[in-house]
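Enquirer: I'd like to ask you about the structure that follows.
The values are calculated or read from the model by the stated rules, or taken from the named source; none is laboratory data. The model shown is predicted, which means the values in this text are computed figures rather than measured ones. Cβ atoms come from the backbone with ideal geometry, glycine included; neighbour counts cover every protein chain shown. Each accessible area value is taken on the protein alone, full model and side chains, heavy atoms only, with ligands, DNA and RNA left out. Shrake-Rupley method; radii C 1.70, N 1.55, O 1.52, S 1.80 Å.
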Amino acid sequence: MHLIAPSILSADFARLGEEVSRVIAAGADWIHFDVMDNHFVPNLTIGPMVAAALKPYCARPQGAHAALDVHLMVRPVDSLIESFIAAGADVISFHPEASLHVDRTLRLIRAAGCRAGLAFNPATPLEVLEYVLDEVDLVLIMSVNPGFGARVSSTRR
């Protein structure tokens, strides 16, 4: 299955709700919401209040909604999960290095009715998946080290 999940890091933050509505109208399946804490990664982004404010913009005209996909690049991770669940997250992924007990963190997310995912930095071994694969709904393999958005650009000649 293929999904289109644009990251809000590429959006104009002064028009965030409008930008989310536009990408959903263009066919986005999920809205990828990157959360960085300036501790686990060297950047600081946004939190649960912004996620809650954006959730209504994830609605589609026919009644369904685009999933709000929260990628936590924070440590400790467990303390923020409940806030993002309350904000309306549909999917929550985190880095195994950010959790003291990966299995417990996955179960915490799934017990709240959200899909749970693991995110792996380019150099992080995937062995943890052997122990928790039955608890994981999503695996995110990073193509860059987390902390900054990677924008793709093209040049026409």
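Enquirer: Working only within region 77-123, note down all residues that are touching a helix residue (DSSP H, G or I) at 6+ places or on another chain (Cβ under 7 Å) and not in a helix (DSSP H, G or I).
Expert: Correct list: Val77, Ala87, Gly88, Ala89, Ile92, Phe94, Ser99, Ala112, Cys114, Ala116, Leu118.
Enquirer: So is Tyr131 over 27 Å from Val20 (Cα atoms) and either assigned to a helix (DSSP H, G or I) or at pLDDT 95 or above (or both) or not?
Expert: Spelling it out, Tyr131 is indeed over 27 Å from Val20 (Cα atoms) and either assigned to a helix (DSSP H, G or I) or at pLDDT 95 or above (or both).
Enquirer: Taking the residues in region 3-62 that are surrounded by 14 or more Cβ atoms within 10 Å (Cβ to Cβ) and among the acidic types (Asp, Glu) as candidates, determine which candidate is nearest to the chain's Cα centre (by Cα).
Expert: The extreme case among them is Asp34.
Enquirer: Follow-up question, since we're still on this one. Among the candidates Leu3, Leu54, Leu68, Leu44, which residue alone is touching a residue at least 40 places away in the same chain (Cβ under 8 Å) and among the hydrophobic types (A, V, I, L, M, F, W, C)?
Expert: Just one listed residue meets the conditions, Leu54.
Enquirer: Looking at region 70-82 only, could you name the residues that are touching a Leu at 6+ places or on another chain (Cβ under 9 Å) and open to solvent by 10 Å² or more (accessible area, probe 1.4 Å)?
Expert: Within region 70-82, Pro76, Asp78, Leu80, Glu82 meet the criteria.
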